[in-house]
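The following block contains the structure, expressed as structure tokens.
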Amino acid sequence: MFFPGKRLIKIERGFVMEATRQQLRNIIDIVDSKELDVLYQVLIKFIPESIAMTDEINAIRLGQDEIRRGETIKHDEIDWD
């Protein structure tokens, strides 16, 4: 079987098998570290926006901590002019 532009993970009984999560993890482990950002940008597109990412969760927690410590400025206290 020939699939232009496709790398086959596994061929079994004449059928192309779908990649498993473990196979994808193994591939990620061998990607050059200089290319990880590109890979991240591609993979992130498959995650629904309704699921918060780790950095988003951390930013929310940081903001909540700043509010608790009184380290924020109220909106109406800002001179916007």
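The values are calculated or read from the model by the stated rules, or taken from the named source; none is laboratory data. Not measured: the values here are computed from a predicted model. With ideal geometry, Cβ positions are generated from the backbone for all residues, glycine too; neighbour counts draw on all protein chains shown.
Among the residues of segment 68-81, count how many are surrounded by 10 or more Cβ atoms within 10 Å (Cβ to Cβ) and either among the hydrophobic types (A, V, I, L, M, F, W, C) or modelled with pLDDT of 95 or more (or both).
Going through segment 68-81 one residue at a time, the tally reaches 0.
Residue by residue, here is whether (1) acidic (Asp, Glu); (2) loosely packed, with under 10 Cβ neighbours inside 10 Å; (3) part of a loop (DSSP other than H, G, I, E, B); (4) modelled with pLDDT of 85 or more holds:
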site: Met1; (1), (2), (3), (4): no, yes, yes, no
site: Glu35; (1), (2), (3), (4): yes, yes, no, yes
site: Glu56; (1), (2), (3), (4): yes, no, no, yes
site: Ile60; (1), (2), (3), (4): no, no, no, yes
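Restricting to segment 37-54, name every residue that is part of a helix (DSSP H, G or I) and aromatic (Phe, Trp, Tyr).
Answer for segment 37-54, where residues must be part of a helix (DSSP H, G or I) and aromatic (Phe, Trp, Tyr): just Tyr40.
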